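Below: one structure, written as structure tokens.
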Amino acid sequence: MPKLDESKDAGYEVLDTYLGRIKNLPPTPTLMIQLLELFRQPNADVDEIVTLLRRDTALSVEVLRRCNNAYYGLETPVMDINEAVFQLGFYEVYQMTVSLAGMKTMTPKETIPGFQAQILQRHSSIAAIAAGELALEVDESEGIAFTAGLLHDVGKLVLALGERERYVQVIDGCKRTNSSLSETEKTLFGFNHEEVGARLLQRWGVPVEVVTPALRHNDPKPEGEWQRFVAITNMASRLANHIEQEKAPMPFIQLPGVQPLTEFLQLNNSQIPKWEELVRNKVKGIPELLAA
């Protein structure tokens, strides 16, 4: 796992001390991490995947329910996880499983007045879909990209749990003044949501390909190791923000910061609108397929 650059980011000790003070941190998403490890293997054993999924009976039942949703249009309902993987493919089942686990992770165990966890969950879900589809477009692992998109903003939940109403005020203030949330967090707390989120993922044992995008997804120019996943997550988060706006000021491809990422990933301008349309169509299934 990558070391946080202590010349630029908060050191481990500061972050660990902060995380240690928070009583209701999200639990380690063990099943998600195990599935991701399987997804990283080029020749993953389907039987091993099915065995993992079956260990959590409640989750398996929910995955099967979603597999049989009209969204997929299956002629006959699937009654078993093995059949679900066979009919829909590992990636579709992985998406559903990781989304369910991710939404559980992104749901605070306590009420935080003013903090709208559902907005964070929806943004994370859209970013995950967008990242997975973009990864396919640029020949990278869609499972890794999907997971990175889903977890890239987990640090916001951490800060909400740690700072409570104060953090809600910070978010609202940045929206009103159009200020950088990351820079404001850094000034007030000594670190930002990217840094504390990445450290939490490291402590969970999440692979480096997911940790690095969480740490760097707001960097304007990706650099260093795993930079393509950083760029994919950056683009996906931007598209999620764009989709969530009721009245977007301009087409996504014309937004500041998009073109350099497009060039970095060697995408042409015709690919971006097609990707956006595909993501928008998939987002319509979020209430049925991704919401916790």
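Here are some notes:
- Test result for Glu195, within 22 Å of Gly257 (Cβ to Cβ), modelled with pLDDT under 90 and touching a helix residue (DSSP H, G or I) at 6+ places or on another chain (Cβ under 7 Å): no
- Pair list, Cβ < 7 Å and 6+ apart or interchain, from the range 123-140 residues that are buried (at least 24 other Cβ atoms within 10 Å of the Cβ) to residues that are of a type in the set (Asp, Glu) and at pLDDT 95 or above: Ser124/Asp153
- Wholly enclosed helices (runs of 4 or more DSSP H) of the range 1-83 bearing at least 2 residues modelled with pLDDT of 80 or more and under 24 Å from Leu100 (Cβ atoms): 30-39, 46-54, 57-67
- Residues (within 15 Å of Pro220 (Cα to Cα) and touching a residue at least 24 places away in the same chain (Cβ under 8 Å)) located in the range 247-274: Gly257, Pro260, Leu261, Thr262, Phe264, Leu265
- Qualifying residue in the range 102-113 (condition: surrounded by fewer than 22 Cβ atoms within 10 Å (Cβ to Cβ), basic (Lys, Arg) and more than 24 Å from Leu200 (Cα to Cα)): no
- Set Glu244, Glu277: member being out of contact with any Gly (no Cβ under 8 Å at 6 or more places or on another chain), surrounded by fewer than 16 Cβ atoms within 10 Å (Cβ to Cβ), in contact (Cβ under 8 Å) with a residue 40 or more places away in the chain and closer than 26 Å to Leu120 by Cβ: Glu244
- Among the residues listed as Glu163, Glu142, the single one being closer than 30 Å to Asn43 by Cβ and of a type in the set (D, E, K, R): Glu142
- Any pair with Cβ under 7 angstrom, 6 or more apart, that starts in the range 210-237 at a residue that is at positive phi and ends at one that is in a helix (DSSP H, G or I) and surrounded by fewer than 24 Cβ atoms within 10 Å (Cβ to Cβ): Trp226/Val208; Trp226/Glu209; Trp226/Thr212
The values are calculated or read from the model by the stated rules, or taken from the named source; none is laboratory data. No experiment lies behind these values; they were computed from the predicted model shown. Using ideal geometry, Cβ is built from the backbone for each residue, glycine included, and neighbour counts are taken over all protein chains shown.
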